[in-house]
Amino acid sequence: MQSLLRPEYLLTGIRYLLITLSLTMSMSQVAVAEERKEATTKLTLQFALSLALSANPEIAIALREREAIDGIKTQAAVRPNPSISTMMQDTRSATRETTLQINQEFELGNKRDARIEVANTFYSKAEAELENKKAEIHANVIAAFYGVLAAQERVSLAKSSLDVAYLALDAASKRVKAGKSSPVEETKSKIAESTAKIELSQANSQLNSNRKRLTALWGNPQPVFDYAEGDVTKVPEALAWNDLSAMLEDSPPIKIAKIEINAREAITKVERSKSVPNITVSAGIVNNQDLNINQALLGLSVPIPLFNRNQGHVQEAVSRKYKAEDELVSLKSKLELNLASQYERLNAARQASESLRTEILPGAQSAFEAANKGFSAGKFNFLDVLDAQRTLFQAKSQYIQALLEAHQAVAEIERIVGDVIVHQSKS
């Protein structure tokens, strides 16, 4: 038993324990990383939001800033350190006089309370900035995710257009061989096919860009997921304008601006407190070798605020407070204008998408089907089919763009007010 208590065995046991703890922590970190790993197949909006909010580097930066402000809070409450000093008069031992004293500075004018108030205010601002950053990331993910959904729809549309171009080329070739059509129509069919291939290539390129833009929000430059799962055709409907306008007062940017005013007010108190001088109390002992006695020493030091009353810094602090108030007024005006613009954008996109879905798309689809049948029966030439196909393709593209505009407008509104504002969806 005593041999097990030898230092070398104890050190070995401690090392083993540390290694075990390290491995356990590493395994837990790996488990957490696995839980937050990007899906290799389908990606939903909720999972994308979870990934971004847990792994976005900008949120990590905001968290570090809040940790730093927490250190400032700790430092603000610290009182001045005492100091010790010694002095010797006459180097001869028989007549030497040695002084040893302790000096303690006492802050007056509520300086410590003012510092603590400033630190607490800036901590509140750091928390508000963190919430604002989360709102921004939330909005960015929504905009990027629906950008991927829209790009997937465009790829699907381009593939359908290319399939139609293949069929049209095959039909035109057969008609030319049968002597029912001019070779010019076959040439036009080939041009339409090449155009469809270019549009498909552009759609794939746009999809790849949107996928990378989405995954970059959680620090992944190369997307892993195969496709985004969602319904881009569900058009969001926002709250009423009066409700949105009321929410603006509690939005993260407004909160930050208000906290900035409070911080400037607290800084003004700090600067004004500095005009009150601190006092330093000294206590010590004097050893007089000549008289062979020890004498008590008491002292008090008070600066005279004759020239420097910190008046310049007080003026600066007051002016910066007024500046923060003016910035709040300007910010409210800009946010109200932006909110109104995005609200109108959402309503316009909703109306456009509804009109395209119920009126334009059915008509364009019917015209294309009629032109295609007529061309196959020899009643129409290829120009009619090509024109109908192009009209249908453009209508579907406009529909997808209108849906994307609606979702992006919702994302921007939520970015402004810092909250989810959609309460209903219509398809």
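Please give the contour-minus-distance gain from ASN294 to ALA348: 0.36 nm per residue of separation, less the Cα-Cα distance, rounded to one decimal in nm.
10.3 nm
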When the scattering of the stretch 184-260 is computed by the Debye formula from its Cα atoms alone, each counted once and equally, what is log10 I(q)/I(0) at q = 0.17, 0.22, 0.24 Å⁻¹? -0.93, -0.99, -1.03
Surface accessible to a 1.4 Å probe, per residue, for the residues of the chain, Å²: 59
Dipole magnitude of the chain about its Cα centre, charges +1 at Lys/Arg Cβ and -1 at Asp/Glu Cβ only, in debye to the nearest 20? 780
Sulfur and carbon atoms: percent of accessible area, the stretch 185-254 [1.4 Å]: 49
Which residue, LYS73, LYS42, LYS133, has the most motion in a Gaussian network model of the chain that connects Cα atoms within less than 10 Å? LYS42
Semi-axes of the stretch 105-197's equivalent ellipsoid from the Cα gyration tensor, sqrt of 5 times each eigenvalue, largest first, rounded to whole Å? 73, 10, 5
Does anyone have the angle between helix 311-355 and the longest principal axis of the chain? Alpha-carbon axes, 0 to 90°, nearest 10? 20
Find the all-direction average of the projected area of the Cα convex hull for the stretch 277-354, expressing the result in square nanometres with one decimal place. 11.4
Counting only Cα, what are the radius of gyration and maximum Cα-Cα distance Dmax of the chain, in Å? 37.1, 137
Calculated SAXS-style log₁₀ I(q)/I(0) at q = 0.10, 0.14, 0.16, 0.23 Å⁻¹ - the stretch 147-232, Debye, Cα scatterers: -0.38, -0.59, -0.67, -1.00
Once you keep just the Cα pairs under 8 angstrom separated by 6 or more residues, what percentage relative contact order results for the stretch 78-161? 20
Would you please report the Å³ per residue occupied by the convex hull of the alpha carbon atoms in the stretch 304-414? 111
For ASP90, put the label point 7 Å out on the Cα→Cβ axis and report which residues of the stretch 282-298 keep their amide N under 14 Å from it. 287-294
Per-q log10 I(q)/I(0), the stretch 314-379, q = 0.18, 0.21, 0.24, 0.29 Å⁻¹ (Debye; single scatterer per alpha-carbon; no solvent): -0.80, -0.88, -0.95, -1.07
Mind checking the angle between helix 45-55 and the chain's longest principal axis? C-alpha axes, 0 to 90 degrees, to the nearest 10. 30
Taking N as the number of residues in the stretch 217-321, what is its alpha-carbon radius of gyration divided by 2.2 N^0.38 Å? 2.44
Could you let me know the centre-to-centre spacing of the stretch 81-150 and the stretch 360-374, using Cα atoms, in angstrom? 72
Exposure rank, largest accessible area first [LEU100, LEU45, LEU149; 1.4 Å]: LEU100, LEU45, LEU149
Out of GLU97, GLU336, GLU67, a Gaussian network model of the chain with alpha-carbon springs under 10 Å gives the largest mean-square fluctuation to GLU97
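The values are calculated or read from the model by the stated rules, or taken from the named source; none is laboratory data. This one's a predicted model, so the numbers in the text were calculated from it and none came from an experiment. Don't worry about glycine lacking a Cβ; one is built from the backbone with ideal geometry, like all the others, and counts go over all protein chains shown. Accessible surface areas use protein heavy atoms only, side chains included; no ligands, DNA or RNA. Shrake-Rupley method; radii C 1.70, N 1.55, O 1.52, S 1.80 Å.
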